[in-house]
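This report concerns only the one structure given below.
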Amino acid sequence: MRTAREARGVTQQELARRLGKPQSYVSKAEMGERRLDVVEYLHFMRAIDGEPLALLRDIEREYGFVHAKRKRR
C-alpha cells in the first residue's frame with residue numbers, strides 16, 4: 001500500500017487528511033501493524049485514486065497465493 005501511495009505522490013500526512021484519520025493510522029496500516037477491513041481498504045485506495053483490485057492481485061502474486069479451481073458439475 002505504501003508503494004501505491006508513493007507512486008501517486010501522496011504523503012502519509014495528506015492521505016491521513018483525506019481519510020479524516022491521524023497520520024499514525026496510515027503508518028500502522030502500511031507497516032502491517034494495523035489490519036484494514038475491506039471497507040477501510042477501499043477508502044484508503046480511493047483516497048489515493050488507486051485501483052483496489054490491481055493492488056490485491058499484486059499482493060496475491062507477491063505472497064504466492066495459488067487458486068484452486070473448482071470443478072463445476
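The values are calculated or read from the model by the stated rules, or taken from the named source; none is laboratory data. Note that the structure is a prediction, hence the values are computed from the model and not measured. Positions of Cβ are backbone-derived with ideal geometry, glycine not excepted, and every protein chain shown enters the neighbour counts.
The table that follows gives values for the structure above.
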item	result
Residues that are among the acidic types (Asp, Glu) and surrounded by 13 or more Cβ atoms within 10 Å (Cβ to Cβ), drawn from the stretch 15-50	Glu30, Glu40
Residue that is modelled with the lowest pLDDT, among those in the stretch 48-67 that are in a loop (DSSP other than H, G, I, E, B) and hydrophobic (A, V, I, L, M, F, W, C)	Val66
Filter result (of a type outside the set (Lys, Arg) and surrounded by 11 or more Cβ atoms within 10 Å (Cβ to Cβ)) within the stretch 1-12	Met1, Ala4, Glu6, Val10, Thr11, Gln12
The stretch 25-47 residues that are outside any helix (DSSP H, G or I), paired with ones that are at pLDDT 95 or above (beta carbon under 6 Å, 6 or more apart)	Arg34/Lys28; Leu36/Ala29
Number of the exception - Lys71 against (1) over 15 Å from the mean Cα position of the chain (by Cα); (2) at pLDDT 90 or above	(2)
